[in-house]
């Protein structure tokens, strides 16, 4: 039987330095988790997945911050799907929801793909219902990219919603409609199952302070426990 506290972490891309994730998850070691971290996807092999009960994916379809080539090949996507369907746990955070040109199958497994965000702003993250992942988690404010998602599945159990205030003249992207939206609500965390395995998606996580926020850290810990509870 696999050690249920052994976690494979995949992070680092051009817009999201791996060190942000690494610094944010190091405190999990105090909870007994063993963290094996890959920042350069050239070091990743699909067969590695079988050595871990849970994978934390906070990396888009770029090999690393220095290498923007795709790493989520059809072989890699197939491996992730089989991994979850065989009972693995997948925790997808922030940039892990950003789709690549050919990541359709993996996007379906995750259940969504990122579509846009306003300029960085204050975001209120709120738990919506009792669940092992929301246990002990209170609403909190963060300075973050407020991700908006296109949903690809209908079986999500939505656990968190987030709110950002309207952006006006203070936005540094005034000329760019992409980054300027009125106040809006968005889902910011959900779970789903596929085969024998579980998936959890959390959209906060652009800035280091988010990862170090007490309630977000508690959410991460709860999610890792929930994803491996059946193993």
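A few remarks follow.
- Relative to the longest principal axis of the Cα atoms of the chain, helix 214-228 runs at roughly 30 degrees.
- Modelled label positions at residue 47 and residue 152, each set 7 Å beyond Cα in the direction of Cβ, lie 2.7 nm from each other.
- Debye intensity ratio in log₁₀ form over the Cα atoms of the range 20-106, taken at each q of 0.12, 0.15, 0.21 Å⁻¹: -0.36, -0.57, -1.14
- Contour minus Cα-Cα distance for residue 6 and residue 124 (0.36 nm per residue): 39.4 nm
- Fraction of beta bridges assigned by DSSP in the range 6-228 that are antiparallel (%, nearest 5): 60
- Here, the range 6-228 has an Rg and a Dmax of 16.4, 50 Å when only alpha carbons are counted.
- Kirkwood Rh and Cα Rg combined as Rg over Rh, evaluated for the range 48-166: 0.98
- Cα gyration tensor category, rounded, prolate or oblate, for the range 16-60 with a/c compared to 1.5: oblate
- In this rough spin-label picture, where each label sits 7 Å from Cα along the Cβ direction, the residue 102-residue 36 distance is 2.7 nm.
Throughout, read-outs are computed from the coordinates displayed, never taken from laboratory work. Since we're looking at a predicted model, the values are computed, not measured. As a convention, Cβ positions derive from the backbone with ideal geometry for all residues, glycine included, and neighbour counts pool all protein chains shown.
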